[in-house]
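Down below is the structure, laid out as structure tokens.
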Amino acid sequence: MSADTRSSPPPAAGAAPRAVRIPPWAEYGLIPLVNVTAAFLVAGLVVLFIGESPLAAVKLLLWGALGFGEGIGFTLFYATNFIFTGLAVAVAFHAGLFNIGGEGQAYVGGLGVALVALALDRIAPWWVVFPAATAAAALFGAAWAFIPGWLQVRRGSHVVITTIMFNFIASAMMVWLLVDHLMPAGSMQPETRTFAASAALPKLGGLFALLGLDVGGAPVNLSLFLALACALFVYVLVWRTKLGYEIRTVGLNPAAAVYAGISITRIAVVSMMLSGALAGMMAVNPVLGDQQRLQIDFVGGAGFVGIAVALMGRGHPVGIVLSAILFGMLYQGGAELAFDMPAVSRDMIVVIQGLVILFAGALEHLFRPGIARLLALGSAALRRRAGAPGKAV
């Protein structure tokens, strides 16, 4: 019997089940919604266990994030960081790489922002400093991600291990640079001098005022639009270009990619550099848009949150933007919740974030088979009602 007509063997005992095919609207909408709902239900049980009302906690969290103008401003400020790092993780995901070095790449990107700002802030306006600093952040982040990518394809060093190591190397390097080279003489704080006011990115308070919102002291700034532009860029790149097709092919089936003449080495390195560039640009938001100086630990864990954002957003830019807003709500609403409900500490907010990561990542397929069966039953019922058997939608 020929190989073409031979039936495929049954799966081996203990083998992983094949991925269940479901419609895109369920893949990118329904499943993440179910995962988040499950995470919040479990978090509600934790809140109930410590003697507080889960409903009151949710009300306080939502009010703190979306109930007034300044809360919305801070939510969008945090979401801007997470959009950059989520996109960075997603681009690497599509190439079959797990880049968890966004923290270090954003850190090094901040160095690029600071060097440009320190050089130009007293001689150029913000609209000159902004694009130059953005380009420097992308370049520094891409260069920092290039090394793990190259080591992966040339020396077999696993990208997960090398990117973790490079996070620590970036942190130590930045401490050394700030303390020994960039800190102003006589200062006791490990940070650069404050940039000139003319180099600071414009805040979006005036824009929100047109909508009737007073964002107060929220630092939401022009980099929000840069993040949204990057989301559009990633969509066009991954789904509408030859390079994006090659990235997805390598990620889905490396053997088929080699057979088609695609260089896995080139795609791996290019994908890591694109990922690092996106992570590096995250630094524009806090360094040039908020603090107006480079400080230690300005990234604040955004690189790791980007992993959860990318997982929950299913690697799609639209899903990533929505997931980033959700995590921005958790950050801002969590601060208000911890203030108004002292029994729910900031650590509890970290628990909620961890549950979202758990259900969106490790337990991603927990609800998928049941949802697939429900959709199949619904589709079959609709076909019977219509009296016209056909392909399931």
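The values are calculated or read from the model by the stated rules, or taken from the named source; none is laboratory data. These numbers were taken from a predicted model, which means no experiment stands behind them. Positions of Cβ are backbone-derived with ideal geometry, glycine not excepted, and every protein chain shown enters the neighbour counts. Just the protein is used for accessible areas: all its heavy atoms, side chains included, with ligands, DNA and RNA removed. Shrake-Rupley method; radii C 1.70, N 1.55, O 1.52, S 1.80 Å.
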(message) Being among the small types (Gly, Ala, Ser) and either touching a Ser or Thr at 6+ places or on another chain (Cβ under 7 Å) or under 26 Å from Val250 (Cβ atoms) (or both) narrows it down to one residue among Gly301, Gly276; which is it?
(response) Gly276
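Yes/no matrix, rows are residues, columns are (1) under 22 Å from Val220 (Cα atoms); (2) among the basic types (Lys, Arg); (3) outside any helix (DSSP H, G or I):
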residue: Gly300; (1), (2), (3): yes, no, yes
residue: Arg314; (1), (2), (3): no, yes, yes
residue: Gly319; (1), (2), (3): yes, no, no
residue: Leu322; (1), (2), (3): yes, no, no
residue: Tyr331; (1), (2), (3): yes, no, no
residue: Glu336; (1), (2), (3): yes, no, no
residue: Val344; (1), (2), (3): no, no, yes
residue: Gly370; (1), (2), (3): no, no, no
residue: Arg383; (1), (2), (3): no, yes, no
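State yes or no: is Ala185 modelled with pLDDT under 95 and of a type in the set (A, V, I, L, M, F, W, C)?
Details: modelled with pLDDT under 95: yes; of a type in the set (A, V, I, L, M, F, W, C): yes.
Spelling it out, Ala185 is indeed modelled with pLDDT under 95 and of a type in the set (A, V, I, L, M, F, W, C).
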(request) Kindly establish whether Leu115 is free of Cβ contacts under 8 Å to residues at least 40 places away in the same chain, open to solvent by 50 Å² or more (accessible area, probe 1.4 Å) and either out of contact with any strand residue (DSSP E or B) (no Cβ under 9 Å at 6 or more places or on another chain) or within 24 Å of Leu363 (Cβ to Cβ) (or both). (result) yes
(request) Among the residues of region 61-108, write down those that are more than 16 Å from the chain's Cα centre (by Cα), in a helix (DSSP H, G or I) and over 21 Å from Leu326 (Cα atoms). (result) Val108
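One line per residue, one yes/no per condition, for (1) hydrophobic (A, V, I, L, M, F, W, C); (2) in contact (Cβ under 8 Å) with a residue 12 or more places away in the chain; (3) in contact with a strand residue (DSSP E or B) (Cβ under 8 Å, 6 or more places away or on another chain):
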| site | (1), (2), (3) |
| --- | --- |
| Ala170 | yes, yes, no |
| Leu204 | yes, yes, yes |
| Ala231 | yes, yes, no |
| Thr265 | no, yes, no |
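Kindly indicate the residue of region 191-200 that is part of a loop (DSSP other than H, G, I, E, B) and open to solvent by less than 40 Å² (accessible area, probe 1.4 Å) and also nearest to Val129 (Cα to Cα) among those meeting that condition.
Of region 191-200, the ones part of a loop (DSSP other than H, G, I, E, B) are 192-196, 200.
Checking which are open to solvent by less than 40 Å² (accessible area, probe 1.4 Å) leaves us with 192, 195-196, 200.
Details: Thr192: 17, Phe195: 11, Ala196: 11, Ala200: 9 Å.
Among them, the one singled out is Ala200.
Which one is modelled with the lowest pLDDT among residues in region 269-297 that are open to solvent by less than 10 Å² (accessible area, probe 1.4 Å) and among the small types (Gly, Ala, Ser)? Even if it seems obvious, please write down each step before you answer.
Filtering region 269-297 down to residues open to solvent by less than 10 Å² (accessible area, probe 1.4 Å) leaves 271-272, 275-276, 278-280, 282-289, 294.
The next check asks that each one be among the small types (Gly, Ala, Ser); those that pass are 271, 275-276, 279-280, 283, 289.
Values: Ser271: 96, Ser275: 97, Gly276: 97, Ala279: 97, Gly280: 97, Ala283: 97, Gly289: 93.
Residue satisfying both the conditions and the ranking: Gly289.
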(message) I need a count of the residues in region 286-324 that are over 10 Å from the mean Cα position of the chain (by Cα) and among the hydrophobic types (A, V, I, L, M, F, W, C).
(response) 8
(message) I'd like to check something: does region 346-358 contain any residue that is open to solvent by 40 Å² or more (accessible area, probe 1.4 Å), of a type in the set (Lys, Arg) and at pLDDT below 85?
(response) yes
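Output the residues belonging to region 201-224 that are closer than 16 Å to Val129 by Cα, hydrophobic (A, V, I, L, M, F, W, C) and buried (at least 22 other Cβ atoms within 10 Å of the Cβ). Step through it out loud before you land on a result.
Going through region 201-224, the residues closer than 16 Å to Val129 by Cα turn out to be 201-203, 221-223.
If we keep only those that are hydrophobic (A, V, I, L, M, F, W, C) as well, we get 201, 222.
Listed by number, the list holds a single entry, Leu201.
In contact (Cβ under 8 Å) with a residue 40 or more places away in the chain and on the phi < 0 side of the Ramachandran plot: which single residue out of Gly51, Gly44, Gly69 fits that description? It would help to see each step written out before you state the result.
Values: Gly51 fails: on the phi < 0 side of the Ramachandran plot; Gly44 fails: in contact (Cβ under 8 Å) with a residue 40 or more places away in the chain.
Every option except Gly69 fails the conditions.
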